[in-house]
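To start, the structure under review is shown below, and the notes come after it.
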Amino acid sequence: MLTAIGTGILNVVSMGKVFRLEEAELKLTKNSTLTTDEEIKRYHNANKEFKVLSAQMIEEIKKKSGEHEASIIEGHILLAEDIEIVNTVEEALKNSSISAEWAVAEVFDNFANMFSSMDDELMSQRASDLKDIKTRLIYILQGKKMESIKDLKEQCIVVSRDLTPSQTSGINKDIILGIATEVGGKTSHTAILSQAMEIPAILGVSNLMSSVKNGDFIIMDGKTGEIIINPSDDIIEKYKKISEEQKDAKRLLEIYKDKETITKDGVKLHLFGNIGTPNHVPSLLKNGAEGVGLFRTEFLYMDRPNFPTEEEQFQVYKEVAEALEGKPVIIRTLDIGGDKDLPYFDFPDEDNPFLGYRAIRICLDKTEIFKVQLRALLRASAYGNIRIMLPMIVSLIEIRKSKELIEEVKKELSKENIAFNKDIEVGIMVETPAAAVSTDILGKECDFFSLGTNDLIQYTTAVDRGNDKISHLYTEYNPGVMRLIANTVNNAKKNNIFVGMCGEVAQNKYMIPFLIGLGLDEFSVSPTAILPTRKLISELSYKELKEKVQEILNLETSDEVFNYLKNLISE
Ligand code: PEP
Ligand code: MG
């Protein structure tokens with residue numbers, strides 16, 4: 001029995017027999033017996049067929065998962081038709097008597113290598129898209145059909161080095177019980193597709209292909225990312241039980257899907273979801289979210305070689321606003337810097353990037369970049385209930401400057417007769433101690449607060465949120481953090497504004513009773529945490545918890561806080 005480990009995409013157990021999907025082996029002949037013009041014609045015809053086949057694929061994906069997943073293949077059509085790529089292939093053909101397949105392979109490999117050398121997961125995703133297109137074009141040129149997992153008849157788990165978006169989109173969930181690959185991570189297109197299609201997946205498993213044969217039996221534990229190869233009967237029994245429990249728990253939670261989020265004693269709360277891209281929306285809605293509490297727009301900026309245009313951003317914000325059908329959509333403006341890099345933006349070298357040039361600081365410095373996003377957000381506000389949220393605020397001045405820019409953009413749009421919501425709400429992330437301590441002041445000039453506890457804990461405890469060595473100090477139970485949270489909620493109440501939380505703490509079952517007692521209005525959590533959070537809230541009483549808040553805030557150490565909170569819920 002062998003165990004391999006990768007990144008689990010869904011928190012579920014799945015098991016079955018291995019079907020190895022071998023990588024297409026491309027046999028290419030370099031020299032052509034045809035004329036250059038004939039080879040160029042072959043290449044253009046292949047491109048045309050590629051477009052037709054991709055269009056069929058797009059329709060299939062739209063049916064199975066949704067518009068946004070289909071846009072991955074739409075992106076492939078655009079890449080295949082990219083003028084720079086087409087010109088380079090034509091040039092290669094004109095300059096020597098090589099075959100179209102050889103020119104395609106050479107040019108696509110060169111572009112792919114360029115992207116993969118950027119040492120960025122999203123850029124290497126682009127490289128794998130280019131390789132996918134290359135293989136498909138060469139198969140078309142050679143008149144061959146690609147090995148497809150669409151035609152599998154027996155239930156199995158597909159194991160391969162990589163799975164291209166075009167292959168993932170062909171998956172029939174009744175037959176394919178899971179996928180496991182050597183490459184890919186949380187943000188790869190395969191991960192996005194498998195998440196949207198709810199196919200259990202473990203990606204990025206080193207040496208996987210050399211560890212399994214066709215017909216091996218494997219267990220995939222999506223929670224830990226473990227793959228157990230040819231387990232004993234005892235282990236199989238153990239995981240079957242876990243899988244049944246997971247299914248039962250999921251079924252039990254289903255009843256909370258269409259319910260209100262309401263405490264045992266009748267206090268109505270708001271339960272929203274966090275998203276990074278529009279393709280997280282279906283899963284959010286399927287789980288009964290009442291809105292989007294945090295749209296991390298930086299992902300829009302990361303998956304590309306240049307800044308997204310106003311039109312591109314507008315389309316994305318509009319798509320999300322429309323999908324939410326009037327429910328609130330809180331969109332955070334660009335929160336880049338710290339650990340979030342852009343390959344095309346020149347960040348200064350800094351000793352402490354988390355304390356450096358980032359988020360609102362960049363936006364207020366490079367207002368030309370900020371205004372593009374603000375225009376897109378305001379234009380999209382005509383199509384739904386969009387609210388603007390500013391990240392990393394430390395002072396009132398940043399709110400004022402941002403609001404001045406928003407007013408400037410509103411004036412421009414009015415002049416151009418472009419519709420937008422004139423009363424759009426502007427709120428802030430409370431994620432720095434300076435903001436949390438001065439929420440009495442900040443609350444006078446903004447419409448809502450959302451507690452960003454991921455950063456608030458980091459800055460309050462002075463512990464880098466990614467530093468394992470001191471991670472025991474990074475805790476929400478630190479009385480300093482607890483008091484800043486309480487101060488923020490209290491000052492929101494005094495200023496009569498809406499207060500939510502979009503950091504991970506919002507889905508911590510031990511913290512939820514405290515947050516309810518404080519009077520937090522909104523919890524924004526990941527899609528899969530929505531139903532468990534709604535269930536827990538329905539079991540708690542605001543009146544009872546309100547009485548306990550001061551006692552909790554008087555506790556003196558993190559351990560005391562944790563032990564107290566642990567006793568407030570039945571497990
Ligand atoms: C936070 O800091 O709590 C937050 C929600 O933002 P991010 O995790 O994107 O920094
Ligand atoms: Mg943050």
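The values are calculated or read from the model by the stated rules, or taken from the named source; none is laboratory data. Computed from a prediction, not measured in an experiment: that's the story for all the values here. For neighbour counting, all protein chains shown are included, and Cβ atoms are generated from backbone atoms with ideal geometry for every residue, glycine included. For accessibility, only protein heavy atoms count, side chains too; no ligands or nucleic acids. Shrake-Rupley method; radii C 1.70, N 1.55, O 1.52, S 1.80 Å.
What the table shows:
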{"read-out": "Single residue of region 447-468 satisfying the filter (within 10 Å of ligand 2 (Cβ to nearest atom) and in a loop (DSSP other than H, G, I, E, B)) that is least open to solvent (accessible area, probe 1.4 Å)", "value": "Gly452"}
{"read-out": "Residue match in region 469-482 (condition: under 15 Å from Gly519 (Cβ atoms) and within 16 Å of ligand 2 (Cβ to nearest atom))", "value": "no"}
{"read-out": "Residue satisfying all of: in region 533-571; open to solvent by less than 40 Å² (accessible area, probe 1.4 Å) and of a type in the set (Val, Ile, Thr); nearest to Thr261 (Cα to Cα) among these", "value": "Ile537"}
{"read-out": "Only listed residue being modelled with pLDDT of 80 or more, open to solvent by 10 Å² or more (accessible area, probe 1.4 Å) and either farther than 30 Å from Glu84 by Cβ or not basic (Lys, Arg) (or both), chosen from Asp119, Asp132, Asp109", "value": "Asp109"}
{"read-out": "Of the criteria (1) open to solvent by 10 Å² or more (accessible area, probe 1.4 Å); (2) within 14 Å of ligand 2 (Cβ to nearest atom); (3) in a helix (DSSP H, G or I), which one Ala435 fails", "value": "(1)"}
{"read-out": "Qualifying position, being farther than 29 Å from Thr453 by Cβ, away from ligand 1 (no atom under 16 Å from the Cβ) and without any contact (Cβ under 8 Å) to a residue 24 or more places away in the chain, among Glu244, Glu260", "value": "Glu244"}
{"read-out": "Qualifying residue in region 402-415 (condition: closer than 26 Å to Asn490 by Cα and more than 15 Å from ligand 1 (Cβ to nearest atom))", "value": "yes"}
{"read-out": "Selection within region 76-120 - closer than 18 Å to Asp37 by Cβ and either in the same structural domain as Asn306 (by TED's automatic domain parsing) or of a type outside the set (A, V, I, L, M) (or both)", "value": "Asn87, Thr88, Glu90, Glu91, Lys94, Asn95, Ser96, Ser97, Ser99, Glu101, Trp102"}
{"read-out": "Per-region count, region 12-57, residues at pLDDT below 85 and either surrounded by fewer than 20 Cβ atoms within 10 Å (Cβ to Cβ) or part of a strand (DSSP E or B) (or both)", "value": "6"}
{"read-out": "Leading residue by the ranking (surrounded by the most Cβ atoms within 10 Å (Cβ to Cβ)) among those in region 226-257 that are modelled with pLDDT of 95 or more and in contact with a Leu (Cβ under 8 Å, 6 or more places away or on another chain)", "value": "Ile227"}
{"read-out": "Contacts under 6 angstrom Cβ, first residue in region 332-356 being without any contact (Cβ under 8 Å) to a residue 24 or more places away in the chain, partner of a type in the set (D, E, K, R) and more than 11 Å from ligand 2 (Cβ to nearest atom), 6 or more apart", "value": "Gly356/Glu350"}
{"read-out": "Hits in region 383-409 (condition: touching a residue at least 24 places away in the same chain (Cβ under 8 Å), in a helix (DSSP H, G or I) and surrounded by fewer than 23 Cβ atoms within 10 Å (Cβ to Cβ))", "value": "Tyr383, Leu396, Glu398, Ile399, Arg400, Lys401, Lys403, Leu405, Ile406, Glu408, Val409"}
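Each row is one residue, and each column tells you yes or no for (1) open to solvent by 10 Å² or more (accessible area, probe 1.4 Å); (2) under 16 Å from Leu378 (Cβ atoms); (3) more than 16 Å from ligand 2 (Cβ to nearest atom).
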position: Tyr301; (1), (2), (3): no, no, no
position: Glu311; (1), (2), (3): yes, yes, yes
position: Ile330; (1), (2), (3): no, yes, no
position: Leu334; (1), (2), (3): no, yes, no
position: Asp341; (1), (2), (3): yes, no, no
position: Tyr344; (1), (2), (3): yes, no, yes
